[in-house]
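Contents: one structure, followed by commentary.
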Amino acid sequence: MKVVILCGGLGTRLREETEFRPKPLVSVGGRPILWHIMKIYAHHGFRDFVLCLGYRGNMIKEYFLNYEAMNNDFTVCLGCRNHVKYHGAHREQDFHVTLADTGLDTMTGGRLKRVEKYVDGDTFMVTYGDGTADLDVRALLEFHEAHGRLATVTTVRPSSRFGLVEVAQGGTVTQFAEKPQSDGWASAGFFIFNRGIFDYLQDDDCLLEREPLERLAREGQLMAYRHHGFFYAMDTYREFKYLNDLWDSGQAPWKMWGE
């Protein structure tokens, strides 16, 4: 089953890192966050990826073209009989990665439409190139297959950006909660779609999160999978630091794979 990862955004809110590289290549624990996302899927048995490239997509192409050399010891024979012999084997031996240039300014729905030709089978997965989760991808797929609708979106309870304070008459604080979770649900991405989604996608200006998903919801074709575990998206430098701190402390919840 194909896993499509949207990797083309500018990442303007993380300009400290994305001025020189695309956000999916921003490092968490010495590895691009894109690598972490792919390892989440691979842990559950999904290793066939389609990457939708845009901003500085050539750097993502170079990362994978050089993956063997950068992750193995190797011996080079120079001269007219040039060849390279790699020693050992990294743990991504069976990853299959299709890198597709989907345009610099294309919106998320347009990027997905552009890779339709690389998506085989009736069901496929889609996520963003900047979010991690301790998501049970197999359980998500089972949920999608059971309800029989066209689309599934993974949802989480978002935390408030601010601490909430309950104040009694006269000014006495009766309760203080530091960044509590809200009662609502927010999209975490980690979608599963049937091929019919491509009929909802139009030109490059099509934003997946607007008209296509809104229409699916109106038609009763969008279901929500509720994830109660960890989810964190890297949109700002503060979030970049938080994810790196979790990894460096050995307490990264999304690291479900072995060494």
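Hand me the GluC sites (Glu not before Pro) from segment 3-87 located in a DSSP loop with no more than 16 other Cβ atoms within 10 Å, in residue order please.
Glu19
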Along the dipole axis of the chain (charges at Cβ: +1 for Lys and Arg, -1 for Asp and Glu; origin at the Cα centre), the most positive-end residue among Pro212, Tyr237, His147 is Tyr237
About its Cα centre, the chain carries a charge dipole, from +1 on Lys and Arg Cβ atoms and -1 on Asp and Glu Cβ atoms, whose size in debye to the nearest 20 is 300
So for R0 = 35 Å, FRET eff. of Asp120-His90 from the Cβ-Cβ r, to 0.05, ends up at 0.85
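How long is the gain from Ser159 to Asp203 if the chain were fully straight, where each residue apart is worth 0.36 nm and the alpha carbon distance is subtracted?
12.4 nm
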Averaged over all viewing directions, the convex hull of the alpha carbons in the chain casts a projected area in nm² of 18.1
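Under unit Cβ charges (Lys, Arg +1; Asp, Glu -1), what dipole magnitude, rounded to 20 debye, does segment 1-77 have relative to its Cα centre? Please report the intermediate quantities before stating the final value.
On the way: 10 positive and 7 negative charges, 58 e Å.
The calculation lands at about 280 debye.
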Mean shadow area (nm²) of the C-alpha convex hull around segment 1-74 is 5.5
Net charge (Lys, Arg +1; Asp, Glu -1) of residues whose beta-carbon lies under 12 Å from that of Val115, Val115 excluded, is +2
Tilt, helix 237-248 to longest principal axis of the chain (alpha-carbon atoms), in degrees rounded to tens, equals 70
Partner aspartates and glutamates whose C-alpha sits under 14 Å from that of Lys23, ignoring same-chain residues fewer than 8 away, are Asp130, Asp235, Glu239
Helix 137-147: inclination vs the chain longest Cα principal axis, degrees, rounded to 10, gives 60
In whole µm²/s, the translational diffusion coefficient that Stokes-Einstein assigns to segment 28-156, given a Kirkwood hydrodynamic radius over C-alpha pairs, 4 °C and 1.567 mPa s, equals 76
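Assigning unit charges at the beta carbon (Lys, Arg +1; Asp, Glu -1) and nothing else, what dipole magnitude in debye, to the nearest 20, does segment 215-259 show about its Cα centre?
Roughly 280 debye for segment 215-259.
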Counting only DSSP beta bridges with both partners in the chain, the antiparallel fraction in percent, to the nearest 5, comes to 50
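Kirkwood Rh over alpha-carbon pairs of segment 16-55, then Stokes-Einstein at 4 °C and 1.567 mPa s: what D in µm² s⁻¹, rounded to an integer?
117
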Mean separation of Cα contacts under 8 Å (at least 6 apart) over the residue count of the chain, i.e. the relative contact order in percent, is 25
Net charge (Lys, Arg +1; Asp, Glu -1) of residues whose beta-carbon lies under 12 Å from that of Gly88, Gly88 excluded, is 0
For Lys117, the aspartates and glutamates lying under 17 Å Cα to Cα, once residues fewer than eight places off in the same chain are dropped, come out as Asp48, Asp101, Asp199, Asp203, Asp204
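What whole-number value in cubic angstrom gives the convex hull volume per residue for the C-alpha atoms of segment 189-259?
158
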For segment 1-59, averaging the sequence separation of alpha carbon pairs under 8 Å that lie six or more residues apart and dividing by its residue count, the contact order in percent is 51
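Every number in this text was worked out from the coordinates using simple rules, so none of it is lab data. All values reported here derive from a predicted model rather than from experimental measurement. Reconstructed Cβ throughout: ideal geometry from the backbone, glycine too, with neighbour counts over all protein chains shown.
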